[in-house]
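Taken together, the values in this text are just the output of simple stated rules run on the coordinates, not laboratory data. Given the structure is predicted, the values throughout are model-derived calculations rather than measurements. Cβ placement follows ideal geometry from the backbone for every residue including glycine, while neighbour counts extend to all protein chains displayed.
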Amino acid sequence: MIRSVVQGCGAYLPERIVTNEELAKKVETSDEWIRQRTGIRQRHIAADGEFTSHLALKASERALSHAGLKVADLDLIVLATATPDETFPATATKVQSALGMTRGAAFDVQAVCAGFVYSMAVADSMLKNGLASTALVIGAETFSRILDWSDRGTCVLFGDGAGAVVLKAETGAGHSADRGILANALHSDGREHDILYVDGGPSSTRTTGLLRMEGKEVFKHAVVNMAAVVGEVLEKAGLTPKDIDWLVPHQANKRIIDGTGRKLGLSPDQVVVTVDKHANTSAASIPLAIDTAAKDGRIKKGDLVLLEGIGGGLAWGASLVRW
Ligand code: UT7
């Protein structure tokens, strides 16, 4: 059996930190409101001239180094982003070139905040089907570029960042066969377009557009869909919530994260939370949280890790990984 096994991870956050207090000087909000409703304390914002591909490159170099692999080992890049450098070509190909990778395939996946779990599932399928052997899976975003900075209902919620993991196809027997991605589940429901979207695009308006969200509606869907999809992925793998060591959820809102953890019967210290440090970084949030928990020694080889996320589309999904 072929399994897509995590070899290493990396992350990068832009230098500039914007605190809630700083935002409160620009829009009518407060540190207290933002912390109580979302758990966010600060976000990182990319510098002028710093693009999604630049953040992705830094996270990728760190992931490769952590994995102990070289660029020459890679034959696939799957990059999840809703904020590409350009409409085309894929930002993944810019990362490919910047890394000095001259073979294999590189492309973007567009599933907004569910982009990282979608990309893990896509890369996993390709490795299992022999289309590639070693994949860099990246989530990278510069949401600061698509925010309406006069809309307090959205501009306080998002930030910029990138994270990456390296997956390698391994064929093994015994214990080694237990590691890797065990199951994925993906869903979308295009009827919910209007509750989270960007009001522009090359084909519709010839502009980039800005993010629009009915937060309360998204919140309701998030709570219900996250509970369902984590149950689905556990069932696919023949496991139960008791088997989970770590929940690494999409970092949008601490209240949604806590709710999912509670429904699974996990103790709060089994749930990785980083939303306070970087706000909602869309496709980058899960690999940013993975990197934190893997590097501080929480996630160890052999642990069962549940990844889940939901965002615009609506699109949502989960991935169950034996680290
Ligand atoms: O990553 C993609 C997935 N996205 C999400 O998961 C986001 C899901 N939604 C959420 O996280 C929450 O719905 C929000 C954090 C966006 C909002 O929290 P809420 O508890 O649903 O608040 P609300 O939208 O119902 O707003 C409550 C009040 C409103 O005032 P009134 O009508 O009660 O007078 C808002 O106008 O809070 C007001 N408000 C603010 N006040 C201060 C909205 N934004 C702000 C703000 N500062 N930034």
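Just a few scattered comments:
- Taking amide H positions as modeled 1.01 Å from N, with prolines and chain starts lacking one, the residues under 5 Å from residue 8 and 5 or more places away or on another chain are 166.
- Each Cα pair of the chain feeds into the Kirkwood radius, which the Stokes-Einstein equation turns, at 4 °C and 1.567 mPa s, into a diffusion coefficient of 67 µm²/s.
- Percent of Cα-Cα distances greater than 22 Å, calculated over segment 2-171: 44
- R0 of 22 Å, Cβ-Cβ distance residue 151-residue 205: FRET efficiency to nearest 0.05: 0.75
- Helix-only CD estimate at 222 nm, as mean residue ellipticity for the chain, using -39500 (n - 2.57) per DSSP H run (n ≥ 4): -9500 deg cm²/dmol
- Rounded to the nearest 5, the antiparallel percentage of DSSP beta bridges internal to the chain is 75%.
- Pairwise Cα inverse-distance average, inverted: Kirkwood Rh of segment 117-187 (Å): 14.8
- Along the chain, the exposed loop sites are GluC sites (Glu not before Pro) outside DSSP states H, G, I, E and B with at most 15 other Cβ atoms within 10 Å, and the longest stretch free of them is 87-213.
- 10 Å Cβ shell holding at most 16 others, DSSP loop, trypsin sites (Lys or Arg not before Pro): longest site-free stretch of the chain: 104-205
- Multiplying each eigenvalue of the alpha-carbon gyration tensor of segment 1-73 by 5 and taking the square root yields semi-axes of 35, 17, 8 Å, largest first, rounded to whole angstroms.
- Secondary structure note: in segment 180-322, about 80% of the DSSP beta bridges are antiparallel.
- Using every pair of distinct Cα positions in segment 250-310, the Kirkwood expression returns a hydrodynamic radius of 11.9 angstrom.
- Max mean-square fluctuation residue, GNM over the chain, Cα-Cα springs under 10 Å, options 99, 127, 288: 99
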